[in-house]
1. Suppose all protein chains stay in the model; what accessible area per residue would a 1.4 Å probe give for region 1-100, in Å²?
2. Explain nothing, just the number: dipole magnitude of the chain about its Cα centre with +1 on each Lys and Arg Cβ and -1 on each Asp and Glu Cβ, in debye rounded to the nearest 20.
3. Provide the gained length on full extension for the span I7 to F41, in nm with one decimal, where the gain is 0.36 nm per separating residue minus the Cα-Cα distance.
4. Can you pull out the chymotrypsin sites (Phe, Trp or Tyr not before Pro) in region 1-81 that DSSP calls coil and that have at most 12 other Cβ atoms within 10 Å?
5. Going through the DSSP H helices of the chain, which span 20 Å or more along their own axis at the Cα atoms while scoring at least 0.5 as a mean Kyte-Doolittle hydropathy?
6. Who wins for biggest fluctuation among D124, D62, D30 in a Gaussian network model of the chain, springs between alpha carbons below 10 Å?
7. Taking H as built 1.01 Å from N, whose amide H comes closer than 5 Å to the amide H of D121, not counting residues under 5 places away?
8. I need to check one value: relative contact order of the chain, counting alpha carbon pairs closer than 8 Å and at least 6 residues apart, in percent.
Amino acid sequence: MRKRKIITIISRICFVIYMMILVYFLLLSDGFGRMNGYTEFRYNLVPFQEIIRFVKYRDYIDFFSVIVNLFGNVVAFMPFGALIRWVINRKVRWYQAVLYTFLFSLCVELLQLVAKVGVFDVDDLILNTLGGMIGFLVYYVLLLINRRRERND
């Protein structure tokens, strides 16, 4: 029981640090053009439009932009999906983790739109939610492996 409590505390601390880093990169980072802002609202409401554009024109777009936009959004939200179970409750199911990831991503996208520091992009919602789902599945597989190992010991 004590081991579980320590893991919960460490997971919550990691989650808070992760959230601070994520918010910095998604809303404040000068490296991603967040500090200059826009004068008008920028958004994309057409699903898969930007994903297809980045895949189709990958040879003409700088490699870093392609990686950040396609894989960065997925990888950035994997810890959210993995840690949400420890932060909220150990009984969070996969569909709840997906819903929490989607809602958090929606909040971030809306903040970017309202603050005019990024583009509200439905493709980002899709990729971020996919990342949260993958993170949850990785966590769940590791949990099953650990339980099986403990039973064998």
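1. On the way: 7290 Å² over 100 residues.
Accessible area per residue: 73 Å².
2. Once rounded to the nearest 20, the dipole reads 1260 debye.
3. 8.0 nm
4. F41, F48, Y57, Y60
5. 2-23, 73-88, 94-115
6. D62
7. N44
8. On the way: 169 pairs, mean separation 51.1, N = 153.
The value is 33 percent.
The values are calculated or read from the model by the stated rules, or taken from the named source; none is laboratory data. These figures come from a predicted structure and were not determined experimentally. Cβ: placed from backbone, ideal geometry, glycine included. Neighbour counts: every protein chain shown. Each accessible area value is taken on the protein alone, full model and side chains, heavy atoms only, with ligands, DNA and RNA left out. Shrake-Rupley method; radii C 1.70, N 1.55, O 1.52, S 1.80 Å.
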